[in-house]
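Inspection log for the structure reproduced underneath, given as C-alpha cells.
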Amino acid sequence: MSNSNSPILVIGATGRIGRAVVSELRRAGAPVRALSRHPAAGAITEGVESVAGDLAVPESLDAALGDVRVVFLVWIAGPSSMPEVVARLAQNVERVVFLSSPHQTPHPFFQQPNVMGTLHADIEHALAAAELAPTIIRPGMLSANAVEWWADQIRAGDVVRWPHAEVETAPIDERDIAAVAVRALCDTAHAEKDYVITGPDALSHADQVRILGDALGRRLQFDELTPDEFRRESASRWPAPAVEMLLSAWGATVGLAPYMTSTVADVTGTPARTFDDWAAANVDRFRQ
Ligand SMILES: NC(=O)c1ccc[n+]([C@@H]2O[C@H](COP(=O)([O-])OP(=O)(O)OC[C@H]3O[C@@H](n4cnc5c(N)ncnc54)[C@H](OP(=O)(O)O)[C@@H]3O)[C@@H](O)[C@H]2O)c1
C-alpha cells in the first residue's frame, strides 16, 4: 500500500459512487480531498477537506491538484474539456483511477448504442496516452438505480410500473465499487488494471422490487409496462435518449443470463454484497 501523505483527490465526491469512495478512503486511513462544483453547499462529508472545481472549466482544477499524486475520476461533464483536463492531470499527478462502464464487454446488455460508453472509451485512451497508468473501474448496473427508478412509486403506494419484469441484471452495491476503487487508489499494483465489477446475483426487475418490499415489510405489486407505455410514462422524468438506451439494453438481454464477475472478491477478498444487503442499508430512502 502507498504510505504517501499526499491527499487522494476524489472527483465526483458528492455523487453516489464518489461519496462511497470518500467513506472507504477514510476507513482505510488515507488522506482525502473531495472535489465539488459547490463545496460550500454542505454535500461533502464532514471532516473531509473539500475543494471547488469544475471539469468543464479545466483551469478551475489547478488548486485541487496541488500536491496530489493519485486521482479518482468520475466524468459527468461534456466531452469538450476532456483533453485539457487530462493534460492538466498529466502535468500534476502520477495515476488515475477512472470510473468507466463495461462498454467493451461482449454481452448484448453492454453492446447497445450508448453515448456515455463512447465518451468513456475516449477518456480511457486519453488517460493511457498521457501515461497516467489508469486503473479502469467498470461497474454494471448500480443497485442504487433503484432509488431513482422506483422510490417515488414505492413511497406513493404498493404498485411499481416498469418494463421488462423478467430481464435480469447483476446489480452492484456502490460500497463494493468503492472498495475496489480504494484498493486501486492506495496500491500501485492495480495500476493499468481493468476491472469489470458486478453484483453476485442474477436478479430480474421483479426480483429487485420484491426484495425492496421485503426490506420495507410490504408486499409490492409489479405492473409490467410495454416499452411504449414506459416511454410515455417516463417522458416527464427522464431524457428520451436515456430511456431509449435503457430499453435497448434490456431488450437485447431478454432471456439471457446477465454478465457476472468475481472482481469484488478477487480484489478485496470479500464477496460482493447482495441486493438484499443494499436494500437493508437503503430502506429509509423508500419510506415516506
Ligand atoms: N447508473 C449506472 O448503473 C452506472 C453503471 C456504470 C457506470 N456508471 C457511471 O457512473 C458515473 C456516475 O457516477 P455517480 O452515479 O456516482 O454520479 P452521480 O451520483 O450522478 O453524481 C455526479 C457527480 O459528478 C459531479 N459533477 C457533475 N458535473 C461535474 C462537473 N462539471 N465537474 C465536476 N464534478 C461534476 C457531481 O458533483 P457536484 O454536483 O457536487 O459538483 C457529483 O459528485 C457515470 O460516468 C456513469 O456513466 C453508472
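Hey, could you check segment 245-280 for residues that are free of Cβ contacts under 8 Å to residues at least 24 places away in the same chain and surrounded by fewer than 20 Cβ atoms within 10 Å (Cβ to Cβ) and say which is nearest to His107 (Cα to Cα)? Within segment 245-280, the match that is nearest to His107 (Cα to Cα) is Gly255. It is to be established whether one or more residues within segment 164-174 are within 16 Å of the ligand (Cβ to nearest atom), within 20 Å of Val10 (Cβ to Cβ) and assigned to a helix (DSSP H, G or I). Among the residues of segment 164-174, at least one is within 16 Å of the ligand (Cβ to nearest atom), within 20 Å of Val10 (Cβ to Cβ) and assigned to a helix (DSSP H, G or I), which makes the answer yes. Only residues that are among the polar types (S, T, N, Q) and closer than 18 Å to Ala235 by Cα were counted across segment 137-156, and they come to 2. Taken over segment 186-203, the criterion of being crowded, with 19+ Cβ neighbours inside 10 Å and among the hydroxyl-bearing types (Ser, Thr, Tyr) is satisfied by Tyr195, Thr198.
For segment 1-85, the strands (runs of 3 or more DSSP E) that sit wholly inside it and include 1 or more residues that are more than 20 Å from Val180 (Cα to Cα), without any contact (Cβ under 8 Å) to a residue 24 or more places away in the chain and within 12 Å of the ligand (Cβ to nearest atom) are 32-36, 49-52. Applying the condition of being β-branched (Val, Ile, Thr) and assigned to a loop (DSSP other than H, G, I, E, B) to segment 195-226 and asking which residue is farthest from Leu99 (Cα to Cα) yields Thr226.
If you go through segment 93-109 and pick out every residue that is under 19 Å from Glu192 (Cβ atoms) and without any contact (Cβ under 8 Å) to a residue 40 or more places away in the chain, you end up with 7. With respect to the conditions (1) closer than 16 Å to Glu148 by Cβ; (2) in contact with a His (Cβ under 9 Å, 6 or more places away or on another chain), Pro239 falls short on a single one, namely (2). Annotation note: Cβ proximity below 9 Å between a residue of segment 194-205 that is of a type in the set (Phe, Trp, Tyr) and a residue that is surrounded by fewer than 22 Cβ atoms within 10 Å (Cβ to Cβ) and assigned to a loop (DSSP other than H, G, I, E, B) (sequence gap 6+ or interchain) occurs for Tyr195/Thr261. Once segment 130-148 is narrowed to residues that are part of a strand (DSSP E or B) and under 15 Å from Val70 (Cβ atoms), the residue that is farthest from the ligand (Cβ to nearest atom) is Thr135. Taking (1) surrounded by fewer than 15 Cβ atoms within 10 Å (Cβ to Cβ); (2) at pLDDT 95 or above; (3) over 16 Å from the mean Cα position of the chain (by Cα); (4) not polar (S, T, N, Q) in turn, Arg237 satisfies each apart from (2).
The values are calculated or read from the model by the stated rules, or taken from the named source; none is laboratory data. What you see is a predicted model, and the numbers here were worked out from it, not measured in a lab. Neighbour counts run over all protein chains shown; Cβ positions are idealised from the backbone, glycine included.
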